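> This is the structure I want to talk about, given as structure tokens.
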Amino acid sequence: MMMRWKTLTAAVLLSAGMLAVALPGQAQELKIGISTEPSALDPHYHNLGPNNQMAFTIFDTLILQDDKQKLVPGLAESWKTIDDTTWEFKLRKGVKFHDGSPFTAADVVFSLARPAKVPNSPSPFTLFTRSVAEVKVIDDHTVQFITKAPAPLLPTDLSRVAIMSSKAAKPDVAEGMTTEALSKGEGLIGTGPYKFVEWTRGNRIVLEANKDYWGGKPSWERVIYRPMSNDAARVAALLAGDVDMIENPPPADLKKLRENPNVKISQAVSNRLIYIHLDSFTEPTVGIPDANGKNPLKDVRVRKALSMAINREAITSRIMEGLGQPTGDFLPYPMFGTRQDAKPEKYDPDAAKKLLAEAGYPNGFSITLGTPNNRYINDAEVAQAVASQWTRIGVKTKVEASTATVFFKNRDAFAYSAYLAGWGAGTGEMSDPLRSLVATPIKEKGFGGTNKGRYSNPQLDAIIEQALGTVDDAKREALLQQGSKMALDDQALIPLHIEVTPWATRKGLSYKARADQYTYANGVTRD
């Protein structure tokens, strides 16, 4: 009842058309309501959207990505191959860190080595550094990356690795400044458009403009990110003028927001897959108490049945209210490596029941489905819909919903036999989700860092390895297509939909919607 009351409160504000207008003196301060607070400010700790959007505001990468994830020069002005296993990068001259110290090749060496040394990373950045055998300094503004094998995706991978100040991060400690210290602002020194001021957990993250930013004067003098996990509270804050912009306005409020003359909506198809991962590794498995000590999820027929039982069209139209596209792939077509003929699994509960019976479960079984309740668009509601649809085929499903912080902690401890989560492909191409979500977890290779279902297929691993070392784009794409088809035919995970991401700003402001779903202060402009 409380949730309904909050939603109605937002709806009343919407219909009333209320929106406070910022005073002229506030014009240089931007307040943003974010849906999920980062788990840390260490830019190499957790490869997670809320963390990355903050990291890439304070820090730069050698190569940047535009709103469509196209690569553009960053701290590197240019890059080229010298031979099959050598890339040379020319670094931008005259760049200074927030503390005034110069950016040099030494900072690149430190930043590329650090991800492998960060302890207890829930989703490690070694995914992007695994191919590098050595970083060779030619001079202060020239580095060469010697790779273990041909690495055609190195420029894309390096667009995901923040460059830290080797001086400020104290490299005499194993991983440099610790994650805990960085989250307090100690050594949190980058070259990005904004400098860290303070972080009061649960309340606000405050940044100020880096007026010496190499990319030009930042759009705002001061930025305040306010974590607001409750959807209705974010909408109410925007309409009351407490914030100037919000991310992820709830689908139920979008129609009224679009009709409000004091609000502007921008949206884009994202790179984020919403999926269900299943434990196909342990036996028995923690979340299935009534299968006589067996793990039904190890049988591909059971995994297929669970996928067929899901009505994706109903979920995206009714629960997502159009902010999702049903999918049968890891990324939306035509991103690199996607298949045009990849279709969402057909909804067929009768066929699903037959598959369960064939697998030896004519009466189904019980299962708990874990989900965050404040990380993805209507995540808990989507999980409840899936639970209802699974229950109809005899798989009696209970949903365990928790805040993102609690959920990820539980997920990383393998507390769920099945869980709903999302993955945004930071590189914008297929190797990213393949090596993160379904490759066999092998830390040394940077494989399977977020494969918490512990799915393993050596044949798939070999295809991913081959693709990562294939220089020819057409051949690499064919391999990635083959790999994604193999994974999904084997039900390595269950794809649900691709999120369509909205943002809402007050009148007078605009935001260029991004495929990576990041909310960047510098992307907010005055009309």
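> Taking the dipole about the Cα centre of the chain, with the C-beta of Lys and Arg at +1 and of Asp and Glu at -1, give me whichever of Y347, F336, A425 is farthest to the positive side.
Of Y347, F336, A425, it is Y347.
> Next question, about the same structure. Highest first, please rank the peptides 444-452, 179-187 by the mean number of other Cβ atoms sitting within 10 Å of their residues.
In decreasing order of mean packing, 444-452, 179-187 become 444-452, 179-187.
> Where the Cα atoms of segment 465-527 are projected onto their three principal axes, how long is each span, largest first, in whole Å?
For segment 465-527, the Cα spread along each principal axis is 49, 30, 15 Å.
> Now for a different question. Limiting things to C-alpha atoms, what are the Rg and the maximum Cα-Cα separation (Dmax) for segment 123-246, in angstroms?
For segment 123-246, the Cα radius of gyration and maximum Cα-Cα distance read 18.7, 56 Å.
> Compute the semi-axes of the equivalent ellipsoid of segment 65-131, taking the square root of 5 times each eigenvalue of the Cα gyration tensor, and list them largest first in whole Å.
Over the Cα atoms of segment 65-131, the semi-axes work out to 21, 19, 15 Å.
> Across segment 165-170, in residue order, what do the Karplus-derived ³J(HN,Hα) couplings come to in whole Hz, using 6.51 cos²θ - 1.76 cosθ + 1.60 with θ = phi - 60° and x for Gly and Pro?
6, 5, 6, 6, 8, 6
> For the chain, what are the DSSP H helices with axial Cα length of 18 Å or more and mean Kyte-Doolittle hydropathy of at least -1.0?
Working: long enough: 2-16 (21 Å, 0.89); 379-392 (20 Å, -0.38); 473-489 (24 Å, -0.72).
Long hydrophobic helices here: 2-16, 379-392, 473-489.
> Return the sequence-ordered ³J(HN,Hα) values of segment 241-250 in whole Hz as given by the Karplus equation 6.51 cos²θ - 1.76 cosθ + 1.60 applied to θ = phi - 60°, using x for Gly and Pro.
Values, residue by residue: x, 6, 9, 9, 7, 9, 9, 6, x, x Hz.
> List the lysines whose alpha-carbon lies under 20 Å from that of K167, not counting same-chain residues fewer than 8 positions away?
Straight-line reach from K167, under 20 Å: K93, K96, K117, K136, K184, K195.
> When the accessible area of the chain is computed with all protein chains present and a 1.4 Å probe, what percentage of it is carbon and sulfur?
Carbon and sulfur atoms account for 51 percent of the accessible area of the chain.
> Can I ask one more? I need the semi-axes of the equivalent ellipsoid of segment 238-328: take the C-alpha gyration tensor, multiply each eigenvalue by 5, square-root it, list largest first in whole angstrom.
So the three semi-axes of segment 238-328 are 40, 15, 11 Å.
> Turning to a different aspect of this structure: Can you give me the long-range amide H partners of L64? Hydrogens built in the peptide plane at 1.01 Å from N, cutoff under 5 Å, separation of 5 or more residues or another chain.
Hits under the 5 Å cutoff: V72, G74.
> Give the Cα extents of the chain along the principal axes, in whole Å, largest first.
69, 62, 39
> Hey, what's the Cα Rg ratio for segment 220-379 versus the globular rule of thumb, 2.2 N^0.38 Å?
Details: Rg = 20.3 Å, N = 160, 2.2 N^0.38 = 15.1 Å.
Normalised Cα radius of gyration, segment 220-379: 1.34.
> Quick one: compute the contact order of the chain, relative version, from alpha carbon pairs under 8 angstrom and 6+ residues apart, as a percent.
Reported relative contact order: 20 percent.
> Over segment 391-483, how many pairs of lysines fall under 29 Å by alpha carbon, counting only those 8 or more apart in sequence or from different chains?
10
> Beyond 21 Å, what percent of the Cα pairs of segment 201-280 remain?
Details: 1583 of 3160 pairs.
Across segment 201-280, Cα pairs with separations above 21 Å total 50 percent.
> Then there is this: Considering the Cα positions of segment 411-518, please state its Rg to one decimal place and its Dmax as a whole number of Å.
Reported Rg and Dmax, both Å: 16.4, 54.
> Give me the log10 of I(q) over I(0) for segment 319-394 at q = 0.20, 0.24 Å⁻¹, as the Debye formula computes it from C-alpha points; what are the numbers?
With one equal scatterer per Cα and no solvent, log10 I(q)/I(0) is -1.06, -1.13.
> Of Y213, T129, V302, which is farthest towards the positive pole of the chain's charge dipole, taken about the Cα centre with +1 and -1 on the beta-carbons of Lys, Arg and Asp, Glu respectively?
V302
> Hey, can you grab everything whose amide H is under 5 Å from the amide H of L91? Only 5+ residues off in sequence or another chain; H modelled, so Pro and N-termini drop out.
E77, T142, V143
> Hey, what's the chain come to in accessible area per residue, 1.4 Å probe, Å²?
40 Å²
The values are calculated or read from the model by the stated rules, or taken from the named source; none is laboratory data. If you're wondering where the values come from, they're calculated on a predicted model, not measured in any experiment. Because the Cβ atoms are built from the backbone with ideal geometry, glycine has one as well, and the counts that use them run over all protein chains shown. When the accessible area is computed, the model is the full protein with side chains, heavy atoms only, and any ligands, DNA or RNA have been set aside. Shrake-Rupley method; radii C 1.70, N 1.55, O 1.52, S 1.80 Å.
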